[in-house]
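The values are calculated or read from the model by the stated rules, or taken from the named source; none is laboratory data. Keep in mind that what you see is a predicted model, and the values were worked out from it rather than measured. Note: ideal-geometry Cβ built from the backbone for every residue, glycine included; neighbour counts use all protein chains shown.
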């Protein structure tokens with residue numbers, strides 16, 4: 001069975017029902033302090049932690065007195081605007097005593113579907129994690145419309161897990177795992193300890209019911225599982241109402257683990273390799289040797305850039321003899337690549353007029 005043992009990077013999804021009391025609408029501050037202890041425990045082991053948190057609309061509607069009924073899009077966006085600042089402050093207040101710095105990252109579905117925005121999101125999160133920060137990620141409900149919404153934070157958490165190359169995704173929920181049927185209505189329902197593959201039979205067992213404050217049902221969790229596991233990240237569904245839910249999971253609390261298909265890096269490389277190149281970068285012998293040694297592709301090693309490609313587009317990498325070396329995701333457009341090729345990274349700003357990234361293709365975005 002999968003576990004948190006040896007996890008290098010962990011994404012934890014926290015649902016609205018865990019943060020906001022269902023009956024009173026009050027914020028559950030004491031519970032969040034327990035989560036902060038869990039995050040501190042994971043960080044002390046050297047693991048990176050990203051929190052994907054619902055709750056901004058639930059918190060905002062309480063402050064604005066909007067009640068528990070269905071909200072219009074405008075009301076939801078207004079509640080989110082009020083709630084987001086309170087949600088970020090709450091996390092800052094509970095994590096700061098443990099010596100942790102927090103950052104708020106708001107995204108929409110468009111940010112992960114568009115390769116340029118995806119790379120921006122990935123680069124920002126990687127930078128925050130490298131600095132020891134705990135990012136608090138939420139859907140940007142203030143500006144998102146139905147066309148650009150994830151609609152639930154289960155799938156958002158899975159996408160974030162794949163984006164940052166996490167090896168574990170924990171969905172803290174109001175259920176303690178995946179069941180063969182709804183356990184509230186079917187006494188014969190059984191919980192799965194492990195699911196190694198999401199089959200049509202498993203999908204047929206999922207229901208749509210969610211709690212009063214959260215939108216995610218079991219079907220969305222299975223969709224999250226497909227995304228996470230396909231990206232090399234194992235996923236657990238467990239009941240988050242324990243005072244220390246991550247500690248409880250480690251100590252044997254009920255959960256269902258969905259097993260990863262390979263590892264995050266292999267899955268990412270496979271995804272890049274499957275893309276159709278939109279341009280070609282020709283490199284010199286020195287750059288080819290550096291790439292073979294695991295280095296990123298710097299502008300100085302590029303002797304030609306062909307094609308019309310944008311930032312985030314896949315491009316072919318070839319040697320001076322025309323033989324293919326690999327492919328990767330460009331961090332510059334074709335025009336920018338042609339302007340800076342053959343130059344040192346320190347010359348990028350004088351040439352382009354703004355500071356850019358040192359690598360034209362980062363080694364993490366490359367398949368040889």
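Among the candidates 7, 40, 36, single out the residue that is more than 26 Å from residue 221 (Cβ to Cβ) and surrounded by fewer than 24 Cβ atoms within 10 Å (Cβ to Cβ).
Answer to the selection: 40.
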Among the candidates 279, 252, 231, single out the residue that is free of Cβ contacts under 8 Å to residues at least 24 places away in the same chain and either surrounded by fewer than 22 Cβ atoms within 10 Å (Cβ to Cβ) or in contact with a helix residue (DSSP H, G or I) (Cβ under 7 Å, 6 or more places away or on another chain) (or both).
252
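Look through the range 150-173, keep the residues that are in a loop (DSSP other than H, G, I, E, B) and out of contact with any strand residue (DSSP E or B) (no Cβ under 7 Å at 6 or more places or on another chain), and return whichever of them is nearest to residue 244 (Cα to Cα).
Step one: filter the range 150-173 for residues in a loop (DSSP other than H, G, I, E, B), giving 150-152, 164-167.
Next cut, out of contact with any strand residue (DSSP E or B) (no Cβ under 7 Å at 6 or more places or on another chain) only: 151-152.
Values: 151: 27, 152: 24 Å.
Once the filter is applied, the top-ranked residue is 152.
Taking residue 294 as the residue in question, decide whether it is buried (at least 16 other Cβ atoms within 10 Å of the Cβ), within 32 Å of the chain's Cα centre (by Cα), touching a residue at least 24 places away in the same chain (Cβ under 8 Å) and outside any helix (DSSP H, G or I).
Working: buried (at least 16 other Cβ atoms within 10 Å of the Cβ): no; within 32 Å of the chain's Cα centre (by Cα): yes; touching a residue at least 24 places away in the same chain (Cβ under 8 Å): yes; outside any helix (DSSP H, G or I): yes.
Spelling it out, it is not the case that residue 294 is buried (at least 16 other Cβ atoms within 10 Å of the Cβ), within 32 Å of the chain's Cα centre (by Cα), touching a residue at least 24 places away in the same chain (Cβ under 8 Å) and outside any helix (DSSP H, G or I).
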Enumeration of residues in the range 338-360 that are surrounded by 18 or more Cβ atoms within 10 Å (Cβ to Cβ), within 17 Å of residue 288 (Cβ to Cβ) and modelled with pLDDT of 95 or more
341, 360
Select from the range 91-132 the residues that are in contact with a helix residue (DSSP H, G or I) (Cβ under 6 Å, 6 or more places away or on another chain) and either part of a helix (DSSP H, G or I) or assigned by TED's automatic domain parsing to the domain that holds residue 311 (or both) and list them in ascending order.
94, 95, 98, 109, 110, 111, 112, 117, 118, 121, 122
Counting only residues in the range 255-276 that are out of contact with any strand residue (DSSP E or B) (no Cβ under 8 Å at 6 or more places or on another chain) and assigned to a loop (DSSP other than H, G, I, E, B), the one surrounded by the fewest Cβ atoms within 10 Å (Cβ to Cβ) is identified as 274
Of everything in the range 326-337 that's more than 14 Å from residue 365 (Cα to Cα) and buried (at least 18 other Cβ atoms within 10 Å of the Cβ), which residue is nearest to the chain's Cα centre (by Cα)?
333
Got at least one residue in the range 52-69 being in a strand (DSSP E or B) and over 25 Å from residue 132 (Cα atoms)?
no
Out of the residues in the range 43-75 meeting the condition of being over 20 Å from residue 28 (Cβ atoms) and crowded, with 23+ Cβ neighbours inside 10 Å, tell me which one is farthest from the chain's Cα centre (by Cα).
48
Checking residue 78 against (1) within 20 Å of residue 172 (Cα to Cα); (2) at pLDDT 85 or above; (3) buried (at least 19 other Cβ atoms within 10 Å of the Cβ), which test does it fail?
(1)
